[in-house]
Every structure is written in C-alpha cells, then in structure tokens.
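Here is the structure we will look at, set down as structure tokens.
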Amino acid sequence: MSHSELSEQELLRRESLQKLRDLGIDPYPAALYPVDAFAADIKAQFEDGKQVCLAGRMLSQRIMGKASFAEIQDASGRIQVYFNRDELCPGEDKTLYNEVFKKLLDLGDFIGVRGVVFKTQVGEISVHVTEFQLLSKSLRPLPLPKTDASGVVHDAFTDPELRYRQRYVDLVVNRHVKDVFIKRTKLFNAMRAFFNRAGYMEVETPVLQAIPGGASAKPFMTHHNALDIPLYMRIANELYLKRLIVGGFDGVYEFSKNFRNEGMDRTHNPEFTAMEIYVAYKDYNWMMDFTEQLLEFCALEVNGTTIAPFGDHTIDFKAPYKRVTMRQSIIDFTGFDIAGKTEDELRAAAKGMGIEVDETMGTGKLIDEIFGGKCEGNYIQPTFITDYPKEMSPLCKVHRDDPSLTERFELMVCGKEVANAYSELNDPIDQRERFEEQLKLQERGDDEAMFIDQDFLRALEYGMPPTSGLGIGMDRLIMYLTNNASIQEVLFFPQMRPETQGPKIVLNETETAIFEKMQSEKQLLLGELRAHFEISNKVWDTSLKTLTKNQLLTVFKEGDLLLVKLN
RNA sequence: GAUUCCGUAGCUCAGCUGGUAGAGCAAUACACUUUUAAUGUAUGGGCCCUGGGUUCGAAUCCCAGCGGGAUCACCA
C-alpha cells in the first residue's frame, strides 16, 4: 500500500510513531509488562490506595491542561485512569506528559500504567497513574461509540458487513458482542462438564472422509495428492462415533465442525458446529430425559437462569419438556391422522393443506412436509417430537410398537430443530436394506439420499450394543441462549464473500522514499533524484522499475536529458 | 434462487423535484490540575462502491456490475 492511499488520520499516526522513535521510545517493546490487576476487579473490590499495574487499550482521553483522564480497556472491562503532569514529570522536562501522553498517544494504543486506586470527587473508581508505558501503537483509528449519561449509545459501530469482516474491531468496541462469545464458550464448557461427570469420553474423528456419511447434505470436496483420491469434508461424524461404540466405549462425544456445501442464510453457515454423543445400552426415552437435564444445566451455567428471551418469545429450558408423537402433532394441527395411510392418500391430504408436493416424494417425505408446513412452527417452548416415519430416518431403529415408525425424536425450540436423537439402528441387515432404499430414492430423483458406507456396515456386523445417540446444533442453541436471530452473531468469523480489491501496489521502504521525494518535487532530473539516495545501483534500478511499472512515475527524455516525473 | 432496502469523511448519518459536499463524534492547533458523551475557540479531512448512459451539468435520474442486510424459497 502506498502512503498516498492512507487517510489523514493514518498518516498522522505514522508520524507520531516516528516521533516516538525519535524520542527513544520503542512503540512495540518486546519485554513483558508485569500486569497484576484487572479493571473489573479494581472496580468490584475497591481498595483506596492500593498499588496496581494494569494494561490495555486507551479508548478515551479527556485532557484538561496539566491533568487528564483516560480510559483503559483490558480483557475484563474499562477503568478510568488519572494523569497529573507534575507528578509524572517532577523535573523541568515535561516531555513525557506534554508530548508523549498528550500528543503522541492515540486512542486505541495499548499502554501499561502503574498507579494507586482512588475515587474521584464525583465518585468514580480510578487509578492515579504514577508511571505509564506505551506497549503497542495503533495505526488505524477505531470506531468510538459513546454512551451518554442516560445510557444511550451514540455512533455505535453497527454496519454488519464491517462488523463481521473486522470482528477484531467489533470485539474491541462492542462489549455485548464479546459477551456472546464468552457465553458460547461457557456453553461448551458446561456440556463437557455434564458429559464428563456422566463418565463419557470426548473423542476426535476424521474431518476428511472418503465417504461423507451420517447425514444428507452436499459435501465440500477436496483431493489428497499422495493417495490421489477424492476426499470430502465431513457433513457429520455419526458413523465414526458408532464405530467407537462397536469398539467397546460406553459413551463417546465430539464437538464436530461440519461442512455443508449449501445455501447460506441467517441460520446456516457452510461450516457449523454440532455436538454428537452416543451412549451404549440406552434408548431414545432415556436420551430424552438426559437431553432435558443437559439443556437445563447448560442454560443455568450460561445465563444463571433457565429462562431465555428470544425475540418476542420467552423460552424456558427447565426440564421436563413436553413429548408429542409426530402423528399426534399432525392430528393436533391439521385434524388429519397419518396412521395407515397410503402414499397417494398422504399426497392428496398434503395437497389439500396447500403444501406443494411432487412425484418424487415418498410417504416419509410427505409426512415430513406436512409436519414442517403445519406443525413445526407452533412449538415455541422446548418440545420433543417423537416417532418419525421410517423412510426419513435411515440410521434409526424401527419403533418397538410400530414397524412403519422409528424411535427418533427431535427437540423443537421456537419452531426450529435444535436436537435430533435415535435409538440407533444396530441391526446390520436392516441397515443395509435402509441404505439400499436410499439408493432407490436417489434413483427416483432425491438428490439428498445417503451414500452406502460398506465399512460402517462391516462394523455393525461385528455387533454394536443397543445405543442411543443425540446431536445438538451448537450454533442454534447458543443463538437461543443469547437472543440472537442470526448465526453470524454467534460465529467469530462467519463466512463472507472475499473482499475484492484492485491489485494493490506494495512498495518497499526505498520505493516509498523515492516516491515521497517525487511527490514533493513533481519533476526532477534522473541523476539528481538518484543522488538523494545512498543505495546500490541494483537497488536503485529495481526500485525505479517498480515505480514506473506501476505507473506512479514516468521516465522520459527531453533532448539529451533524462527526466522523471510524477504521474 | 426470488423480492426488497442499503453503499457519502476514521465511525454514525443528513444531503429535497439534478447546480459540483454537510453535521456530530474522531483528528489537528491553542486554553484548561478530579473530568466523564468534559468544555471553549479555530483548522484540516471526500475515487459520494465501480462502470456505462441521459444532461450544459449527476452523490442525486436510468442501466449494468460488485458488496452487504432483511424477507421468502430451497437445504439440516
């Protein structure tokens, strides 16, 4: 980037940087800074006269002649600090205060201060600075939202594009954004604690898979050079965790980054996080109890309460949750009983409800469409929907009382699925038949049908104990727990289209110096320009070539004279 | 993918039926020793997203593109 592209404020900050260096101050010192206090703690446990050493970004400065207030923000929060000229500079030389503090420091710089805790006349807990040090210079101005006396935020940094592309800025400036991510980590920690206490083991399984199994979705494809084979980014980890149950673990879980090459919207990101857990010798009824206990615990750990406001709704994660069969749910909201109906009857019924249907849809798909269209959206409070049609659940065990159904539940919250669980199918012959049915669906035009994983079938043939498995959409759950309607608000770096920018010209130090010289001269004899720089002929030659190639300068002849001019 | 709104100073935003750019904060300079959206005075800062078109003249109107948001559809 050439200097001419920098804004006025960026140029001034670079000048300050140089002036600091001229004063013998390293703007990027290497040594550790012996921090022994945090803003939030100082405020929470006020001790008048306590010596503290803290560090952070300076985010405001109120200079009043020989005294000043500033605010420092560290990882814990903000605190006001007080600077007094004659205390910082007891001698004749007031440079440290007058120049360094007042002029050469900018908002956003990291500084370290030592001082004494006190309360100002208006009662604000502050640190009376006895010593300060620049820890890192900031060369770009941060957006600076301000909160007035009545709590209204002015000039908030709100542009979603800027906030997502420059999350580091968002986090510095928007405290509530940081809090969302702190809660996100609390949620993960709470789940781990809950599972570990139950004696289950956290495991890792492959992200790169030869057969992308365990769900119906379009995978991202890649290629392994040494093996010369295609590999897929996982769309789920289900089949690998079940292999571990075959291997003899009683309970395994994994927080799985999954990848799906599909549309993006406010609830879908191409990479997202699912938690899956498999427990041997359990069934889906046990898993429902376990799930509601888990979510109640997580809500309490994250928010200190089971109540979670979400948009216009107030969700309560307190167990137990209502349990409704899919058949009953459809009766409740449409009056139609799906039990024992043929595919044609279902299609006609769905059509009658105003649901779009087509010939590729089997009975399972039709029932799913009816449920999705007429029922799903009505479940605001956490509700288990149970006993899904067999056709939609190729990895799930057949229902013990009804062979057309499966022992499956989904947990609905605010009309969306947050969890999905089965009594896992462990009959290898049934499993093979289900995969083959998927193939038929594929041939019929269903492009989401699953691949057949022969190795997984082999594992099942060795025998898998009865097992129940649960998957939770972590991103969606944290959205509910932090009242965010968009997945982008709960991912540090949501997927964005790459920033397109014209080919940027990058000048090195010499080239920059030559260019700056020419900016003040406009036009010069080539030899004269050369004489200003103590560099080798080779460096001179390549530098000038870079500048002319990028059309910043032009070399031209006037008679016998070689001249350079600025473009 | 469809519809719709948006893109102007570092940030948040004005800018009328076209006449060549405005505010607050931030910045710069000066003043000010317990302020707190500190204050007062002065000053500087713009490829008005990009490219075409209409026009004597475009930030403004038209077309196309790029980027983003929202809603819907599709998809777990």
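Just so you know, all these numbers are worked out from the coordinates, no wet-lab data involved. Keep in mind that what you see is a predicted model, and the values were worked out from it rather than measured. Please note: Cβ atoms are built from the backbone with ideal geometry, for glycine as well, and neighbour counts cover all protein chains shown.
A few notes on this one:
- Pairwise label distance in nanometres, A:THR342 with A:TYR462, each label 7 Å out on the Cα-Cβ vector: 4.6
- Candidates A:ILE79, A:THR383, A:SER404 compared by Cα position along the dipole of chain A: farthest toward the positive end lies A:ILE79, with charges placed on Cβ.
- Simple spin-label estimate for A:LYS186 and A:VAL35 in nanometres, 7 Å along Cα-Cβ: 2.1
- The mean of 1/r over all pairs of different alpha-carbon atoms in the stretch A:1-116, once inverted, gives a Kirkwood hydrodynamic radius of 15.6 Å.
- Between amide H atoms placed 1.01 Å from N, distances below 5 Å from A:LEU105 occur with no residue 5 or more places distant or on a separate chain.
- In order along the stretch A:307-316, the phi-based Karplus estimate (6.51 cos²θ - 1.76 cosθ + 1.60, θ = phi - 60°) of 3J(HN,Hα) comes to 7, 9, x, 9, x, 7, 9, 10, 8, 10 Hz; Gly and Pro are listed as x.
- Computing FRET efficiency as 1/(1 + (r/R0)^6) for A:LYS94 and A:GLU124, where r is the C-beta to C-beta distance and R0 is 30 Å, gives about 0.70.
- Top positive-direction residue, dipole computed over the stretch A:105-249 with Cβ charges, set A:LEU135, A:HIS154, A:VAL117: A:VAL117
- The magnitude of the dipole of the stretch A:358-493, with charges of +1 and -1 set on the Cβ of Lys/Arg and Asp/Glu and taken from the Cα centre, is near 400 debye.
- About the centre of its Cα atoms, the stretch A:263-314 shows a dipole size close to 40 debye [charges on the beta carbon of Lys, Arg (+1) and Asp, Glu (-1) only; nearest 20 debye].
- Dividing the mean sequence gap of close Cα pairs (under 8 Å, 6+ apart) by how many residues the stretch A:223-340 holds gives a relative contact order of 15 percent.
- Charging the Cβ of each Asp and Glu at -1 and of each Lys and Arg at +1, and nothing else, the dipole of chain A about its Cα centre rounds to 1680 debye.
- Under 25 Å, Cα to Cα: Lys pairs in the stretch A:55-176, sequence gap 8 or more or different chains: 16
- Compactness of the stretch A:50-127, expressed as Rg and Dmax over alpha-carbon positions, Å: 12.1, 37
- Highest-first arrangement of A:473-484, A:16-27, A:245-256, A:401-412, where packing means the average Cβ count within 10 Å: A:473-484, A:401-412, A:245-256, A:16-27
- Amide H contacts under 5 Å for A:THR467, placed H, 5+ residues apart: A:TYR281, A:LYS282, A:GLU424
- The stretch A:274-405: C-alpha pair distances exceeding 21 Å, %: 51
- Applying both filters, DSSP loop and at most 15 other Cβ atoms within 10 Å, to the trypsin sites (Lys or Arg not before Pro) of the stretch A:103-162 eliminates every site.
- By average C-beta atoms within 10 angstrom, highest first, the peptides A:67-75, A:30-38: A:67-75, A:30-38
- Förster-model FRET efficiency, 45 Å R0, A:ALA198 and A:ARG140, C-beta, rounded to 0.05: 0.40
- Debye log10 I(q)/I(0) for the stretch A:231-279, one point scatterer per Cα, at q = 0.19, 0.22, 0.25 Å⁻¹: -0.65, -0.78, -0.89
- Packing-based order for A:152-159, A:138-145, using average beta carbon neighbours within 10 Å, highest first: A:138-145, A:152-159
- Total formal charge among the other residues, if their Cβ is under 13 angstrom from that of A:PHE290, Lys/Arg +1 and Asp/Glu -1: -2
- When the alpha-carbon atoms of the stretch A:86-162 are used, the pair Rg, Dmax equals 16.2, 50 angstrom.
- P(r) tail for chain A: Cα pairs beyond 41 Å make up 47% of the total.
- In Hz, Karplus ³J(HN,Hα) per residue of the stretch A:267-273 (6.51, -1.76, 1.60; θ = phi - 60°; x = Gly, Pro): 10, 9, 10, x, 10, 8, 10
- Amide H contacts of A:LEU231 (H built 1.01 Å from N, in plane; Pro and chain starts excluded): A:THR222, A:HIS223, A:HIS224 sit under 5 Å, all sequence-distant by 5 or more or on other chains.
- Charge dipole (chain A, unit charges on Cβ, about Cα centre) - positive-most of A:THR360, A:LEU17, A:PHE310: A:LEU17
- Neighbourhood charge, 11 Å Cβ-Cβ cut-off, centred on A:HIS268 and excluding it, Lys, Arg +1 and Asp, Glu -1: -1
- A compact globular protein would have a Cα radius of gyration near 2.2 N^0.38 Å; the ratio found for the stretch A:100-207 is 1.57.
- Computed log₁₀ I(q)/I(0) - Debye formula, equal Cα scatterers, no solvent, the stretch A:353-457, q 0.14, 0.22, 0.25 Å⁻¹: -0.60, -1.26, -1.37
- The stretch A:216-319: radius of gyration over Cα atoms, expressed as a fraction of 2.2 N^0.38 Å: 1.39
- DSSP-defined beta bridges in chain A - what % are antiparallel, rounded to 5: 90
- Treating each Cα of the stretch A:1-69 as one equal point scatterer and applying the Debye formula with no solvent, the log10 of I(q)/I(0) at q = 0.19, 0.28 Å⁻¹ comes out as -1.09, -1.21.
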